[in-house]
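Enquirer: One structure follows; several queries about it will come next.
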Amino acid sequence: MTLKNSNSEKVSWSEVEILIKILSEKILSMPRKFFRISTISRGGLVPARLLADHLGFDTILVDEKKISSDSIFVDDIFDSGNTFKKIINKVDIPSDFVYVTLFARRGKKYPKQLIFAKKTKNNYYVVYPWDKLEYKRLKKYSL
């Protein structure tokens with residue numbers, strides 16, 4: 001993605017906390033129980049940590065080769081769907097899998113396994129408080 005001329009939407013810590021609360025309420029209202037939180041180190045680690053606190057999980061599995069369908073998989077955004085496609089192939093029972101994100105990109109086709117807190121307003125690059133330096137680096141060095 002070329003970032004030099006792209007617009008961005010900054011997300012505050014306060015908004016992240018609200019989104020995590022929305023997600024935890026959605027998850028707790030589900031008729032099934034989960035026993036793990038799984039994530040990837042880039043993008044999902046901070047939201048997974050915050051969600052673990054809300055749900056009472058002590059352990060977060062990161063960058064696992066196999067993912068149990070009794071876990072919640074946490075990412076920051078459902079955007080292109082590429083991360084979901086990579087992750088779903090690692091899940092033992094894909095139909096029971098739950099993929100949780102803070103945001104879902106407006107206008108995309110969402111998998112049935114997706115639970116999100118909010119849709120994006122536009123196609124802007126979403127900049128979270130924990131990746132603002134990464135965004136600056138990407139913007140500076142993109143072509």
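Every residue, every condition in (1) part of a loop (DSSP other than H, G, I, E, B); (2) within 16 Å of Tyr99 (Cβ to Cβ); (3) aromatic (Phe, Trp, Tyr); (4) within 17 Å of the chain's Cα centre (by Cα), yes or no:
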position: Lys21; (1), (2), (3), (4): no, no, no, yes
position: Lys26; (1), (2), (3), (4): no, yes, no, yes
position: Ser41; (1), (2), (3), (4): yes, no, no, yes
position: Val46; (1), (2), (3), (4): no, no, no, yes
position: Asp53; (1), (2), (3), (4): no, no, no, yes
position: Asp58; (1), (2), (3), (4): yes, no, no, no
position: Leu61; (1), (2), (3), (4): no, yes, no, yes
position: Glu64; (1), (2), (3), (4): yes, yes, no, yes
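Enquirer: Kindly indicate the residue of the stretch 1-27 that is among the β-branched types (Val, Ile, Thr) and either at pLDDT 95 or above or surrounded by fewer than 15 Cβ atoms within 10 Å (Cβ to Cβ) (or both) and also farthest from Phe57 (Cα to Cα) among those meeting that condition.
Expert: Thr2
Enquirer: Restricting to the stretch 28-39, name every residue that is of a type in the set (D, E, K, R) and either at pLDDT 95 or above or part of a strand (DSSP E or B) (or both).
Expert: Arg36
Enquirer: Using beta carbons and a limit of 9 Å, which pairs, at least six apart or on different chains, have the first residue in the stretch 28-41 and exposed (fewer than 10 other Cβ atoms within 10 Å of the Cβ) and the second one part of a loop (DSSP other than H, G, I, E, B)?
Expert: Pairs found: Arg32/Asp70; Lys33/Asp70; Ser41/Asp63.
Enquirer: Among the residues of the stretch 106-115, are any under 14 Å from Ile20 (Cα atoms) and either crowded, with 16+ Cβ neighbours inside 10 Å or out of contact with any Asp or Glu (no Cβ under 6 Å at 6 or more places or on another chain) (or both)?
Expert: yes
Enquirer: I've got another one for you. Quick one: is Asp96 of a type in the set (D, E, K, R), modelled with pLDDT under 95 and under 11 Å from the mean Cα position of the chain (by Cα)?
Expert: no
The values are calculated or read from the model by the stated rules, or taken from the named source; none is laboratory data. Because the structure is a prediction, the values reported are computed rather than measured. Cβ: placed from backbone, ideal geometry, glycine included. Neighbour counts: every protein chain shown.
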